[in-house]
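What follows draws every value from the coordinates through simple rules; no lab data is involved. On a predicted model such as this, the values are computed, not experimentally measured, just so you know. Neighbour counts are summed over all protein chains in view; Cβ atoms, including those assigned to glycine, are modelled from backbone coordinates with ideal geometry.
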Amino acid sequence: MTSAPAFTTSFLPSLPPTFRTGCTCASQMPLHMTQAAPFPPASKSPSSRSGPSYTRRAVVSLFGATFGLSAFAHIERAMAASDGLTLSRTSLQSIRARVDDIDPLIAAAKWDSVRTVLASRPVVGVKDVCNQLLNASSQDAGGAIVGLREDLQSAIRLLDTSVYANVFIGEDRQILGTKVDYDVPKIYLGDVKDALDSLIDIASS
């Protein structure tokens, strides 16, 4: 019987001693193989540094996606109405403050200056402001707004007419006995103020 050939490792490739002997000691391994590569620092995105920023429009859009388009449309209309009321109230208050400037002008018989106030902004845009308030208000308030709008425009026209009549009463006519009318312009100015105050109350409710 022939004996088995002796086992030889001559066919193995030339390897470092550590791999041939199975030793994996760290002291015998290259330095770059024994050190863990550092992890890159975690970058902070803007969203992770601060809390989420939600606009009112985004919130409404999310609400509509959750509860349906009809709810979304309802909320949109409510938001538009709220914005319209706020803008209308601010504009009416600005007009009201400007109208207060007319009192001393009437007392000083500065009729052209009174007419300039009535023909300039913000007073001249009062009809558009009333229409904005009408669109933003409920149907229940619509009738009152329309009535006050007409009363206000009428009072402004009558105030302008009464002031215009005084423009032509100079000193020569006053000497002849023609009197300057201060009372009628004050009456119409009071009507203008009353209508504006009522509209502001509606816009504030």
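Counting other Cβ atoms within 10 Å as a rough exposure proxy, the listed residues Asp140, Asp101 run Asp140, Asp101 from fewest neighbours to most. In this simple spin-label approximation, Arg98 and Val180 carry label points 7 Å from Cα along the Cα→Cβ vector, and these lie 2.4 nm apart. For Asp112, the shell of other residues with beta-carbons less than 15 Å away shows a net charge of 0, using +1 for Lys and Arg and -1 for Asp and Glu. Remark: Tyr182, Tyr188 ranked as Tyr182, Tyr188, counting other beta-carbon atoms within 10 Å and listing the fewest first.
Rounded to the nearest 0.05, what FRET efficiency do Asp128 and Ala165 give with R0 = 41 Å and r taken as the Cβ-Cβ distance? Could you check?
0.90
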